[in-house]
Amino acid sequence: MLNRSKQTPAHSTIVAFMQAIISVSNLSKIYASGFHALKGVNLEIRRGEIFALLGPNGAGKTTLINSICGIVNPTSGAISVDGHDIVRDYRAARSMIGLVPQELTTDAFESVWATVSFSRGLFGKPKNPGHIEKVLKVLSLWDKKDSRVMTLSGGMKRRLLIAKALSHEPQILFLDEPTAGVDVNLRRDMWQLVRSLKETGATIVLTTHYINEAEEMADRVAVINRGEIMLVENKVDLMRKLGKKQLTLQLSKPLHSVPAKLAAYQLELSSDGCSLTYTYDVQGERTGINALLEDLNMAGIMFSDLQTTESSLEDIFVSLLEDRQ
Amino acid sequence: MNIYAVRAIYKFEMARTWRTLLQSIISPVISTSLYFVVFGAAIGSRISQINGISYGAFIVPGLIMLSLLTQSISNASFGIYFPRFTGTIYELLSAPVSYIEIVISYVGAAATKSIILGLIILATAGLFVPLQIIHPFWMILFLALTAVTFSLVGFIIGIWADGFEKLQLVPLLIITPLTFLGGSFYSIDILPPLWQTITLFNPVVYLISGFRWSFYGIADVDVAVSLTMTSVFLAISLAIIAWIFKTGYRLKT
């Protein structure tokens, strides 16, 4: 018995981790204008992960988020949140979700305290001034609690929207482009907040144009374009799979052109002729670095320094979109 | 029932009322007082009694109805239109609240405000003319029923409107004429027979008639008919709102 009771929590944690907290199946949305915003989207978001949704403008990111949150009526398909169908069992599904919309849509005349407390009530939670206070303090809005919303700056309004979304202690937080128009310091604070939320076991779904942030933050990444999910991948795997590395050599003497003997390496010569760049595949069996260095030596090209760089998620993203078009 | 949400929205809406006290309570009271001064005191003294009631007293129920109707509509329509206009409606749509709860809280707050206003106007009227209320229970019932019904109408307008102009359009072009022509200032008996018949298509006639009956025991139409018609308008409004939420009309894309 003792042994069993020891195993159970660990086992259930593993099961809970494996389970999708949000599952989207065959979701399509055609707007009244005829615009096909989502085309048969299938997606599973795991409990406790930070999930990044990447895509260009008009790709369907917001439509997807709004469908899950109940703001957009899907044309077809099903969505469940922690096993609750978002239509049949909307109360259970929605009370788990906090949404931070892309636009700075706030009340104007209410106080910060009133509007955040309102959100908590709206999501069916009894009053808890202690929690509201905590949220406002975390978001550096505590000294503004009695100010009217209209007097806040853009960055404060953004934080206010996050405070509203966190007011009812959601297990899932949607952040739709949360750092758009937010300064560097605030952005860093925000990501710090997201990390600490993840530590409490919350699931976070975000969309962002700042791909480097998704790269830094996300556990998994989905790339969406023209209403279709192009891939869903563990970020590390994605980087490994699509990642290319570049080797840059600083030459001792500038070159006018790349010698013909080295054409096979497809080297790029910088405009000042002082550096050569070699791009290679990390996954490739042979990177070709040894051969390149030997051939350079044979050709009498000396270098003073070398460095390697990995391609960013942004490069991967751009190349992925180009491939499909 | 998400009672916390109903309470939150109701409180939020009532807070708006207190914030805009001047516009929402004081201005209707002032304009109604002006009606009493002009029609009740100045002109009314030259008008003979209607069914044994002085003209000043006769117009009290009609004037309360006039305010009740316009204020119910404007409160409720603004209450739901404003979040649509600013975009904060996203929160309501993504919240675990049922349509019934949304309607109860928004319409309840708008109706509460109108009823308070109606009672204030009644008290104001008491300063100008001698009042009698024969059927106080029915008076309150008609007051509440009308406030709720027209708050529902306002809610529908607030969802239908796609600009501030449309928000004003219905109260201005439909409700005010219907109220003025619905017997606020006269008994429909004094109209020629043809116009009497036409007037019966005006729903406001039934509201004012029933309301006036609760004051003085006199009515243009039978009080049972008044009550039935008021209930029918209530049912129609509820049906339209049910359809709005079922289809997501103007709320969801």
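FYI, it's all coordinate maths here, none of it is from the lab. Since we're looking at a predicted model, the values are computed, not measured. Because the Cβ atoms are built from the backbone with ideal geometry, glycine has one as well, and the counts that use them run over all protein chains shown.
Here are a few things to note about the model shown:
- Legend: Rg and Dmax of the protein assembly as shown, from Cα coordinates, 33.4, 122 Å.
- Counting Lys and Arg as +1 and Asp and Glu as -1 over every other residue whose Cβ lies under 12 Å from the Cβ of B:V107, the net charge comes to -1.
- Per-residue ellipticity at 222 nm from helix content only, as computed over chain A with -39500 (n - 2.57) for each DSSP H run of at least four residues, stands at -11000 deg cm²/dmol.
- Beta bridge orientation in the protein assembly as shown: antiparallel %, DSSP, nearest 5: 70
- Within 10 Å of the Cβ of each residue in A:98-105, the mean number of Cβ atoms contributed by other protein chains is 3.
- Gyration tensor verdict on region A:115-206 (Cα atoms; rounded if a/c is under 1.5, prolate if a/b is larger than b/c, oblate otherwise): oblate
- When the C-alpha to C-alpha distance is required to be over 32 Å, the pairs from A:K61/B:K11; A:K145/B:K246; A:K125/B:K113 that qualify are A:K61/B:K11; A:K145/B:K246.
- Dipole magnitude for the protein assembly as shown: about 1340 debye, using +1 per Lys or Arg Cβ and -1 per Asp or Glu Cβ, origin at the Cα centre.
- Between region A:222-269 and region B:130-201, the Cα center-to-center distance that results, in Å: 73
- When the protein assembly as shown is described by a simple charge dipole with +1 on each Lys and Arg Cβ and -1 on each Asp and Glu Cβ, the residue from A:A291, B:S105, B:I190 located farthest towards its positive end is B:I190.
- Shape category assigned to region A:25-110 from the gyration tensor of Cα positions, a/c cut at 1.5: rounded
- Computed magnitude of the charge dipole of chain A (debye, nearest 20; Cβ of K, R +1, Cβ of D, E -1): 1300
- Among the residues of A:59-65, the average count of other protein chain beta-carbon atoms within 10 Å of the residue beta-carbon is 0.
- Label-reachable residues, region A:63-84, where backbone N falls under 12 Å from a point 7 Å from A:E228's Cα toward its Cβ: none
- Per residue, chain B reaches -23000 deg cm²/dmol at 222 nm when only DSSP H runs of four or more residues are counted, each adding -39500 (n - 2.57).
- At R0 = 35 Å, FRET efficiency that the Cβ-Cβ distance of A:R188 and A:F109 yields, to 0.05: 0.65
- Dipole in debye (nearest 20) - chain B, about Cα centre, beta carbon charges: Lys, Arg +1; Asp, Glu -1: 500
- Counted by Cβ distance under 12 Å from B:N75, the other residues give a net charge of +1, where Lys and Arg count +1 and Asp and Glu count -1.
- With each label modelled as a point 7 angstrom along the Cα→C-beta vector, the B:R19-B:A123 pair spans 2.5 nm.
- Sites B:M1 and A:T309 - FRET efficiency at Förster radius 60 Å, r taken between beta-carbons, to 0.05: 0.55
- Net charge over other residues, Cβ less than 13 angstrom from the Cβ of B:L200 (K, R count +1; D, E count -1): -3
- Pairs of C-alpha atoms in chain B farther apart than 23 Å represent 50 percent of all such pairs.
- Per-residue average of Cβ from other chains inside 10 Å of A:115-122: 6
- Farthest towards the positive end of the charge dipole of region B:159-253, among the residues B:I218, B:I241, B:L172, is the Cα of B:I241, using unit charges on the Cβ of Lys, Arg, Asp and Glu.
- Shape box of region A:248-307 [Cα atoms, principal axes, largest first, Å]: 32, 20, 18
- Chain A shape via C-alpha gyration tensor axes, a/c threshold 1.5: prolate
- Along principal axes, Cα extents of region B:24-85, largest first, whole Å: 50, 21, 12
- With 0.36 nm allotted per residue and the present C-alpha distance subtracted, the A:K137-A:V236 stretch has 32.3 nm of extension available.
- For peptides A:227-233, A:259-265, sequence by mean Cβ density within 10 Å, most packed first: A:227-233, A:259-265
- Spatially proximal aspartates and glutamates relative to A:K157 (Cα-Cα < 20 Å; intrachain offsets below 8 disregarded): A:E103, A:D107, A:E110, A:E133, A:D143, A:D146, A:E169, A:D176, A:E177, A:D183, A:D189, B:E91
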